[in-house]
Each structure stands twice: as C-alpha cells, then as structure tokens.
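Participant: One structure is given below, represented as structure tokens, and several questions about it will come after.
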Amino acid sequence: MNNTNYGVVLVTAGSQQEAEAIATSLVASKLAACVNILPIQSVYTWQGEINQEQEWQLLIKTDLAQFSNLEAKICELHSYEVPEIIALPILAGSQSYLDWISASVK
C-alpha cells in the first residue's frame, strides 16, 4: 500500500465550537477518519496588520484522494475568508492505522 495516499490536513478555527462542528461534519461525512483539536496561539499577518490570538488547530487524518471534497466541506462550514487548509503527506505509519484510515474514509 502506498502511504503517500494518506495525510494530515491542518486547519485553524476561531473558536472551539467551530472547530468541533467542522471536525464532526468531516468524520460524519467520511472525509476524515479522525480529527484532533488543540488550542493554539497564532501570530499572523492579515490585511497588512500583525495579529495575535487564540485559535483551535484541527489535525485531520484522511485519504488525500478525498482532499478536494474535504476542502470544499471545510470552506462551506468555515467562517474565515481564507481558512488555513494545508495537506501534509504521511510518509510512513503503522500499517494497521493506515488500514483504519482507509476503512474510515470513503
């Protein structure tokens, strides 16, 4: 099995409630096998100004063949004008875990 089919998609959300709603929708829609949600502190430039605020980081485990559908669902649910949606390939992983991702994502 080619491990590069699997990946972790990073998405930030402005509130815990929004992060949970996105995560639940992605898992229920079988676009993600699992989503971890972590509180983070972000520093970024937006519209020419430096901002610093608390956000919620989603770590989405998925089959990257579903990336376009996953991206569309996130954009549909997300409140940000330009949400972070970055996919990182899984280069290696436990075969049983990768099999579970495969069985969980359709």
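Participant: Starting from segment 82-105, take each residue that is open to solvent by 70 Å² or more (accessible area, probe 1.4 Å) and list its partners that are among the basic types (Lys, Arg), counting only C-beta distances under 9 angstrom and pairs at least six apart or across chains.
Facilitator: These pairs meet every condition: 97/61.
Participant: Within segment 72-106, how many residues turn out to be in contact with a strand residue (DSSP E or B) (Cβ under 8 Å, 6 or more places away or on another chain), assigned to a helix (DSSP H, G or I) and over 11 Å from residue 5 (Cβ atoms)?
Facilitator: Of the residues in segment 72-106, 2 are in contact with a strand residue (DSSP E or B) (Cβ under 8 Å, 6 or more places away or on another chain), assigned to a helix (DSSP H, G or I) and over 11 Å from residue 5 (Cβ atoms).
Participant: Of the residues that sit in segment 48-80 and are within 21 Å of residue 38 (Cα to Cα) and more than 12 Å from the chain's Cα centre (by Cα), which one is surrounded by the most Cβ atoms within 10 Å (Cβ to Cβ)?
Facilitator: Taking the candidates together, the pick is 55.
Participant: Being open to solvent by less than 40 Å² (accessible area, probe 1.4 Å) and in contact (Cβ under 8 Å) with a residue 60 or more places away in the chain is the filter here; which residues of segment 15-32 pass it?
Facilitator: 18, 31, 32
Participant: Right, next: Go over the candidates 43, 35 one by one and state the one that is assigned to a strand (DSSP E or B) and buried (at least 18 other Cβ atoms within 10 Å of the Cβ).
Facilitator: Unique residue meeting the criteria: 35.
Participant: Right, here's the next one. What are the residues in segment 1-32 that are assigned to a loop (DSSP other than H, G, I, E, B) and in contact with an Asp or Glu (Cβ under 7 Å, 6 or more places away or on another chain), if any?
Facilitator: 14
The values are calculated or read from the model by the stated rules, or taken from the named source; none is laboratory data. This one's a predicted model, so the numbers in the text were calculated from it and none came from an experiment. All Cβ positions, glycine included, derive from the backbone under ideal geometry; neighbour counts span all protein chains shown. In case anyone asks, the SASA skips ligands and DNA or RNA and just uses the protein heavy atoms, side chains included. Shrake-Rupley method; radii C 1.70, N 1.55, O 1.52, S 1.80 Å.
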